[in-house]
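Read the structure below first, then the notes.
The values are calculated or read from the model by the stated rules, or taken from the named source; none is laboratory data. If you're wondering where the values come from, they're calculated on a predicted model, not measured in any experiment. Heads up, the Cβs are rebuilt from the backbone with ideal geometry, glycines too, and the neighbour counts pull from every protein chain shown. Please note that ligands, DNA and RNA were not included when accessible areas were found on the heavy atoms of the full protein model with its side chains. Shrake-Rupley method; radii C 1.70, N 1.55, O 1.52, S 1.80 Å.
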Amino acid sequence: MAEKVRDTADRIRKLEVQGARNVAIAAVKAIETMAHGTKAKTRESFVKELFEAKTTLFATRTTEPLMRNAIKWIINRVEDSDERNVETLVALVTSSANSFQKKLEASKERIAEIGAKRIREGMVIFTHCHSSTTTYLLSKAKKDGKNFEVICTETRPALQGRITAKEMVELGVKTTMIVDSAARSFMNDADIVIVGADALTSEGNVINKIGTGAIALLAYEARKPFYVVAEPLKFDPDTLCGDYEKIEERSPLEIWTEAPENLVIRNPAFDVTRRDYIHGIICEEGIISPHSIVEVIHRRHQWIFH
Ligand code: RUB
């Protein structure tokens, strides 16, 4: 299998590429590069290569339906075509990869446009981890001339909150970083919570960085609106058929490298936020209730079910 796919898979696994959107884009680019460099002479061997790449990339991070949907989009289009010429199939991979990326780009813009309207002058926004969709929305609000503050968690154990903090400081936004366990102490200072998502389930629950579920509960207790910014393409169709979204469990070494022997360390990367605590999902369709996610998928992305 192409070097590029292996290399991308490695970078995703090591969190050198992080966040659902960035992971999906990196995977799409890797498949495109692999297709360009293919030595396959027949449709069958080309399709086999695509499936090998899919297996490798799917295995990198368990809780990334956007990446899975992106790869599915490309492979579906190749499988649905009757074309036997490999060069034409490579061109089809390129056009599918481009159209997927364009969809993602357009949704990011639209989400930022819609979400920025919820940011009022002087607001304090609480966020967790690093979501490129969230920080893009905040940068749009800033460009619109709004002044606001951000409180961000450091996000143990991999400290993705630092990426958010750096981006916000560079944007000229007054930013306060707190340890994750200080979330309750600072929730009262916030006006609104905005987080990203890795997965959306058929019941309208949202899966995001570990700790998000607890932050949603804190926001509920403090009566602060809790919004999720996510494109519906993060929907996992398997949840409609009864499967639970699997939660990635990462190495205990991320938590403690020299831990005592026999100590059990658990390191789930994500948790579930129940729909009851979510005011709205800000997506390119507008601000929707978590209950309507399946309806949106039926209307906009039927192919996900196939
Ligand atoms: C990142 C994370 C982000 C979502 C959404 O976790 O939980 O909130 O992926 O990000 P990790 P985006 O750092 O483990 O990948 O809005 O960029 O898709």
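Quick rundown of the values:
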read-out: Qualifying residue in the range 256-270 (condition: under 16 Å from Glu203 (Cα atoms) and at pLDDT 95 or above); value: no
read-out: Residue satisfying all of: in the range 171-197; open to solvent by less than 60 Å² (accessible area, probe 1.4 Å) and in a strand (DSSP E or B); nearest to Asp271 (Cα to Cα) among these; value: Val195
read-out: Qualifying residues in the range 57-92 (those that are under 26 Å from Leu200 (Cβ atoms), of a type outside the set (Lys, Arg) and open to solvent by 30 Å² or more (accessible area, probe 1.4 Å)) - the one nearest to the ligand (Cβ to nearest atom); value: Thr62
read-out: Any hit, the range 27-48, residues being surrounded by fewer than 19 Cβ atoms within 10 Å (Cβ to Cβ), within 19 Å of His306 (Cβ to Cβ) and modelled with pLDDT of 95 or more; value: yes
read-out: Failed condition for Ala2, given (1) over 28 Å from Asp238 (Cα atoms); (2) modelled with pLDDT of 95 or more; value: (2)
read-out: Tally, over the range 136-170, of residues that are surrounded by fewer than 17 Cβ atoms within 10 Å (Cβ to Cβ) and of a type in the set (A, V, I, L, M); value: 2
read-out: Residue check, Ala197 of a type outside the set (S, T, N, Q), near the ligand (Cβ under 10 Å from one of its atoms) and under 28 Å from Pro232 (Cβ atoms); value: yes
read-out: Verdict on Ala9 being open to solvent by less than 30 Å² (accessible area, probe 1.4 Å), more than 19 Å from Thr94 (Cβ to Cβ), in contact with a helix residue (DSSP H, G or I) (Cβ under 6 Å, 6 or more places away or on another chain) and in contact (Cβ under 8 Å) with a residue 24 or more places away in the chain; value: yes
read-out: Residues of the range 57-80 that turn out to be more than 29 Å from Leu15 (Cβ to Cβ) and touching a Lys or Arg at 6+ places or on another chain (Cβ under 9 Å), as a count; value: 1
read-out: In the range 93-135, the residues that are within 14 Å of the ligand (Cβ to nearest atom) and loosely packed, with under 15 Cβ neighbours inside 10 Å; value: Glu105, Glu109
read-out: Residues that are of a type outside the set (Ser, Thr, Tyr), touching a residue at least 12 places away in the same chain (Cβ under 8 Å) and closer than 23 Å to Val296 by Cα, drawn from the range 234-263; value: Lys234, Phe235, Asp236, Pro237, Leu240, Glu245, Lys246
read-out: Pair list, Cβ under 8 Å, 6 or more apart: the range 48-61 residue farther than 14 Å from Val78 by Cβ, other residue at pLDDT 95 or above and part of a loop (DSSP other than H, G, I, E, B); value: Arg61/Glu248; Arg61/Ala269
read-out: Ala40, sole failed condition from (1) of a type in the set (A, V, I, L, M, F, W, C); (2) away from the ligand (no atom under 12 Å from the Cβ); (3) assigned to a helix (DSSP H, G or I); value: (3)
read-out: Of all residues making up the range 1-30, the number that are of a type in the set (Lys, Arg) and within 14 Å of the ligand (Cβ to nearest atom); value: 4
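Residue by residue, here is whether (1) open to solvent by less than 40 Å² (accessible area, probe 1.4 Å); (2) within 16 Å of the ligand (Cβ to nearest atom); (3) out of contact with any strand residue (DSSP E or B) (no Cβ under 7 Å at 6 or more places or on another chain) holds:
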| site | (1), (2), (3) |
| --- | --- |
| Arg223 | no, no, yes |
| Leu233 | yes, yes, yes |
| Thr239 | yes, no, yes |
| Asp243 | no, no, yes |
| Pro260 | no, no, yes |
| His279 | no, no, no |
| Val294 | yes, no, yes |
| Arg300 | no, no, yes |
| Phe305 | no, no, yes |
